[in-house]
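Enquirer: Can you read through this structure? Questions will come right after.
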Amino acid sequence: MRNWFYILVIIPILSMSQEKLYSEIDSALSKTYVKSINNFDFKNGIAETKKLVIKSEQIGYKKGIGQGALYIANFLTNSGHYKESLKYLEISERNIEGNEYDITSMIFIEYGKVYGFLNLQQVSLKYFDKAIVASKKIQNKKLQKITLQIAFACKAECSKFLSRYDSMYVYFKKAYRLDADPITGSNIAHYFINYKKDQIDSADYYLKIATETLKKKTYDPLNKLGVLMEYGNYYFQKKEFDKALEKYHESHELSLQMKRVDERVNIYNLLSKTYAKLNRNKESNEFLQKYIELSDSLKTVNNLALNVSVEKIIKDKDDEKEKEKIRLRNRNNWIITLTAGTALLSVLAAYFFYSKKKRQKEVLIQNQKKEIEQRIIEKRNLEIKVNDSFEEIVVLAKKNSPSFLARFKEVYPEFCHNLLDKYPDLVNSELSFCAHLKLNFSTKEIANYTFVTPKAVELRKNRFRKKMNIPSDENLYVWINKI
């Protein structure tokens, strides 16, 4: 199977250290890495990077050690030496600070790649999730975008091996939105070729875009390899086997240049199947034999690495348990200290508050008495004032005085405000009528005070009820007092 998410390139991150020597090491690490990747010279890349790691150790530059170990791990992963890669990843992890999220995210991605190669997909998925979390904490937005794109693509490929094809498509699309590079486009094409065959034309669309992108911009060889192989798969599904064969052979030549044994295994299998479709059994059997031999060889290497990876998983779990024990022990110590301190403070506080409360009690009682007496006086004054005002308004109403409405507004400002707020188009005559209702005057009383007949008042009530949309079954006096 094709491991597209085990990408050849990780991000060379240049340190912004102020110290010249640190900066020189960072620059040398980055240049060595890029040169080795471009030339597929992993052996020389490992040797040169080791020298820089030793130099970093001599001056106590932990980031240089961690970054160098990460690059070496990547070289080893690309060479198929997963056991050794895991060891260097542990070295890298030990030397990188927790807030260096750019490097931390790439360490998690590299772990995920190795575990994916070893078919430990669930473990791999956890590391890619960790990488996504770490990537989102990177302050440099450009660098954040790059690491997130890689992490999403890796998680998509891991989802494929877990047969979660919808999830695979979602994460490849997330990666593609961040960077529409050829390899991600070929992965989306892979989805339509293998899992959405009724939409295989979409695969052709993404492959054409990927091909054009390769012409316009320089990418690492794995991008080209991805496009070539998916074109082969596309033609195979379209039953154009001669075209498929051509693309697979191009892929084979490129995989030899790249020294990618894992890709070559997959290509041998595809070549064998394609020759079989063309009834060229001799070539089919030759590539089948190559596939079996190389696959068995890889299984032997992977089994050795698998033992190391299982040991690491167990060690990680043991470390987590130990950390949890320490956390619980510290928590218990903190609780005991807090409890003892709280108890002592409680005793002192109780004594202090008892003394203070005793001194304040009489003062508080006296203040409460004064406050109650003052409220009683205010209440009496208010009752007198309200009664006087009410009587004054009633007298003005009985006389049908022109100042009745103005005085009513002064005594009942809140009622008038609410009424006008709800019915702003009321005229003074209607406001005056509402005032009579608010004062609970009967129809007969309103007729007497306004010098009209009771029938005229009833008609006015009906017109008012209609204008205000007051239901016929609702009492008008109840309605007015709700305002």
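Enquirer: What does the charge count near Val170 come to, summing +1 for each Lys or Arg and -1 for each Asp or Glu among other residues with Cβ under 15 Å from its Cβ?
Expert: +4
Enquirer: Right, here's the next one. When the chain is fully extended, how far beyond the present Cα-Cα distance does Asn39 get from Glu293, taking 0.36 nm per residue of separation?
Expert: Between Asn39 and Glu293, full extension yields 88.8 nm more.
Enquirer: If you stretched the chain out fully between Lys196 and Lys282, how much longer would it get, using 0.36 nm times the residue separation minus the C-alpha to C-alpha distance?
Expert: Working: separation 86, 0.36 × 86 = 30.96 nm, distance 3.26 nm.
Going from the current span to full extension adds 27.7 nm.
Enquirer: Please report, to one decimal in angstroms, the Kirkwood hydrodynamic radius of the range 399-481 built from all distinct Cα-Cα pairs.
Expert: 13.3
Enquirer: Same structure again: Working out 0.36 nm times the residue gap between Leu431 and Asn400, then minus their Cα-Cα distance, what length gain in nm do you get to one decimal?
Expert: 9.8 nm
Enquirer: Could you tell me the calculated FRET efficiency between Thr453 and His417, based on Cβ-Cβ distance and R0 = 56 angstrom, to the nearest 0.05? Write out the running numbers ahead of the final one.
Expert: Working: r = 33 Å, r/R0 = 0.58.
Calculated value: 0.95.
Enquirer: Something else now. Of Lys113/Lys217; Lys145/Lys290; Lys399/Lys455, which pairs sit farther than 28 Å apart, going by alpha carbon to alpha carbon?
Expert: Those over the limit are Lys145/Lys290.
Enquirer: Which pairs break 22 Å Cα to Cα here: Lys409/Lys438; Lys35/Lys243; Lys55/Lys126; Lys160/Lys259?
Expert: Lys35/Lys243; Lys55/Lys126; Lys160/Lys259
Enquirer: Next question, about the same structure. Starting from the range 411-483, pick out the GluC sites (Glu not before Pro) whose DSSP state is loop and whose Cβ has at most 14 other Cβ atoms within 10 Å.
Expert: Passing sites in the range 411-483 are Glu474.
Enquirer: With no solvent and one equal point scatterer placed on each C-alpha of the range 120-256, evaluate the Debye formula and give log10 I(q)/I(0) for q = 0.12, 0.13 Å⁻¹, two decimals.
Expert: Debye curve over Cα of the range 120-256, log10 I(q)/I(0) at q = 0.12, 0.13 Å⁻¹: -0.49, -0.58.
Enquirer: Got a sec to turn the phi values of the range 253-270 into Karplus ³J(HN,Hα) couplings, 6.51 cos²θ - 1.76 cosθ + 1.60 with θ = phi - 60°, whole Hz, x for Gly and Pro?
Expert: Couplings: 4, 5, 5, 5, 4, 7, 6, 9, 5, 4, 6, 5, 4, 5, 5, 4, 5, 5 Hz.
Enquirer: To the nearest Å, what is the center-to-center distance of the range 175-219 and the range 282-298, using C-alpha atoms only?
Expert: 29
Enquirer: Which stretch or stretches of the range 185-213 have amide N atoms under 19 Å from the point lying 7 Å from Asp166's Cα along the Cα→Cβ direction?
Expert: The answer is 188, 191-199, whose backbone nitrogens lie closer than 19 Å to the label point.
Enquirer: Also, I was wondering about something else. Mind pulling up the Rg/Rh value for the range 1-179? Radius of gyration and Kirkwood radius, both on Cα.
Expert: 0.97
Enquirer: Fewest first, what order do Thr213, Thr342, Thr184, Thr218 take by the number of other Cβ atoms within 10 Å? Spell out each step's value before the answer.
Expert: Details: Thr213 17, Thr342 11, Thr184 29, Thr218 7.
Ranked by crowding around the Cβ, least crowded first: Thr218, Thr342, Thr213, Thr184.
Enquirer: In addition: Between Gln366 and Ile483, take the C-beta separation as r, use R0 = 45 Å, and let me know the FRET efficiency to the nearest 0.05.
Expert: 0.55
Rule-based calculations on the coordinates, nothing more; no lab input. Keep in mind it's a predicted model, so treat the numbers as computed, not measured. Methodologically, a virtual Cβ is constructed for each residue, glycine included, from the backbone with ideal geometry; neighbour enumeration extends over all protein chains shown.
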